[in-house]
1. Efficiency by 1/(1 + (r/R0)^6): what FRET value for residue 41 and residue 162, r their Cβ-Cβ distance, R0 = 51 Å, to the nearest 0.05?
2. What FRET efficiency, computed as 1/(1 + (r/R0)^6) with R0 = 25 Å and r the Cβ-Cβ distance, is obtained for residue 75 and residue 100, rounded to the nearest 0.05?
3. Between residue 59 and residue 10, what length in nm is gained on full extension when 0.36 nm per residue of separation is reduced by their alpha carbon distance?
């Protein structure tokens, strides 16, 4: 049986090759394939989007933004295109423009928690802290037990002198299954912002936080749609994580009533 030859005029073939090449970091070859696809069908937003991703991987930010703009002109309400353009703008130091793109990604009707997270990062970098809490709350509507969001929420509420309100929200999340990073941060906030705890109670929580959390927080960067997770955990955990989580839950549980 004769093997069928691939159709060189099939734009999807070139696009799919380009995606495969991009995933193995052969970005220049990927761009060549995307260009071949676009030569056949120039009005495909997905081909332009993929080319923009490859250009951004090569740190060719200005070119990537031009290509993302082309994709947006062909498909104005596609969230992941706005998101990725926002990431490149943020990496270029254009925080205000990045914020606009992250907002468009959220408002395009295909909202994901990651788009909110990217907007939060850009708001913090632009020192627009008054808008951070509203954005965090929007993200928590999508994922109410996400540990990074809950930890961020505690931090913002504490900075506004509303630590007790932040704790109440996180208590609900812990009951709903939030993970141990949230327990850790909850314990930390309980002994630092809750004035009616005794010194003995605070000392118990301080000991657990000292034992379970270590390392410095990493600066977060916005995340490409469909890309690898670039986030770092804000806490480093011991190998015996399950046992320590159980101990911490038992220590905190009387105060969740």
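1. 0.45
2. 0.90
3. So the extension gain works out to 14.8 nm.
Taken together, the values in this text are just the output of simple stated rules run on the coordinates, not laboratory data. Fair warning: this is a prediction, and the values are worked out from it, not measured in the lab. We place every Cβ from the backbone using ideal geometry, glycine too, and count neighbours over all the protein chains shown.
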